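For reference, the structure discussed in these notes is given below.
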Amino acid sequence: MNGLENEVRPFLPDLINGRAVELTPENQEALASWSLKTMFMFAGQNKHPRLEMLPLKDCAAFYRDREPSRFMIARIGAMEPWENDEGSAMVEFVCPQYSWPAPTANPTYVSTLRIGWLLIQLVRAGSLDDDQILAPFDPHPMFHPLWPVGATLTWPPPRQLPAAHMAAIARPTTLPIQWARPSELTDRT
């Protein structure tokens, strides 16, 4: 997993500090993989048995494939610092599941990681048919799609998210996901 750290090292400090970055498809793949690994690490530190737990089979699939699965999509945004923040790289991690109170073997969850200005949100669908994948996020002025990988993008997006919106973004009342068949998807550029 140290390889993931090395792949994001050239541009991650700029993202955390809010400086403009061109993210190539290779950078996006590295960042999506690094983000998922980091989310697993945060979730593994959680001691509550029902909150912010990510399925072990997702961890095993990531260890095997070294990238998010076809059940996942991710987007990247920029979140303004908290008021009176003196330049710290605040870290926040939220990961609600949407299958409670009846746990399932394939939960749907939204995992949101914020470090400084960098905001990554990953959505995992509970289950899909063999011929389905998650469709990329719809265009949004405050987010860029990150996974599946697309064309080179400039970060930050045109508008930054206010820090006060973290709870609403991390715990959406509706899930921003749609499924598709690979042949139905077009290039995101």
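The values are calculated or read from the model by the stated rules, or taken from the named source; none is laboratory data. The structure presented is a predicted model; accordingly, all values stated were derived computationally and were not measured. No Cβ is skipped: glycine too gets one built from the backbone with ideal geometry, and neighbour counts run over all protein chains shown. The protein model used for the area step is the full one, side chains on, heavy atoms only, and it has no ligands, DNA or RNA in it. Shrake-Rupley method; radii C 1.70, N 1.55, O 1.52, S 1.80 Å.
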Restricting region 68-77 to residues that are in a loop (DSSP other than H, G, I, E, B) and not polar (S, T, N, Q), which is surrounded by the fewest Cβ atoms within 10 Å (Cβ to Cβ)?
ARG70
So which pairs qualify, if the first residue must be in region 137-166 and more than 15 Å from LEU23 (Cα to Cα), the second must be at pLDDT 90 or above and among the polar types (S, T, N, Q), the Cβ gap must be under 9 Å, and the two must be at least 6 apart or on different chains?
PHE137/GLN121; MET142/GLN160; MET166/THR112
For region 147-154, state whether one or more residues are assigned to a strand (DSSP E or B), open to solvent by less than 20 Å² (accessible area, probe 1.4 Å), in contact with a Leu (Cβ under 8 Å, 6 or more places away or on another chain) and not aliphatic (A, V, I, L, M).
no
Mind listing whichever residues of region 13-25 are at negative phi and in contact (Cβ under 8 Å) with a residue 24 or more places away in the chain?
LEU15, ILE16, ASN17, ALA20, VAL21, GLU22, LEU23, THR24, PRO25
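Condition check ((1) modelled with pLDDT of 80 or more; (2) buried (at least 19 other Cβ atoms within 10 Å of the Cβ); (3) closer than 19 Å to LEU161 by Cα; (4) out of contact with any helix residue (DSSP H, G or I) (no Cβ under 8 Å at 6 or more places or on another chain)) across all residues:
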| residue | (1), (2), (3), (4) |
| --- | --- |
| GLY18 | yes, no, yes, yes |
| LEU31 | yes, yes, no, no |
| TRP34 | yes, yes, no, no |
| MET39 | yes, yes, no, yes |
| ALA61 | yes, no, no, yes |
| MET79 | yes, yes, yes, no |
| GLU86 | no, no, yes, yes |
| TYR98 | no, no, no, yes |
Top-ranked residue in region 50-59 [being outside any helix (DSSP H, G or I) and among the aliphatic types (A, V, I, L, M); ranked as modelled with the lowest pLDDT]:
LEU51
Checking ASP129 against (1) open to solvent by 40 Å² or more (accessible area, probe 1.4 Å); (2) closer than 11 Å to ILE76 by Cβ, which test does it fail?
(2)
Considering only region 163-176, I want to know if a residue exists there that is more than 17 Å from LEU12 (Cβ to Cβ) and in contact with a Gly (Cβ under 7 Å, 6 or more places away or on another chain).
no
Residues satisfying the stated conditions in region 119-148, i.e. in contact with a Gly (Cβ under 7 Å, 6 or more places away or on another chain) and more than 23 Å from PHE40 (Cα to Cα):
MET142
For region 2-14, how many residues are open to solvent by less than 80 Å² (accessible area, probe 1.4 Å) and touching a helix residue (DSSP H, G or I) at 6+ places or on another chain (Cβ under 8 Å)?
5
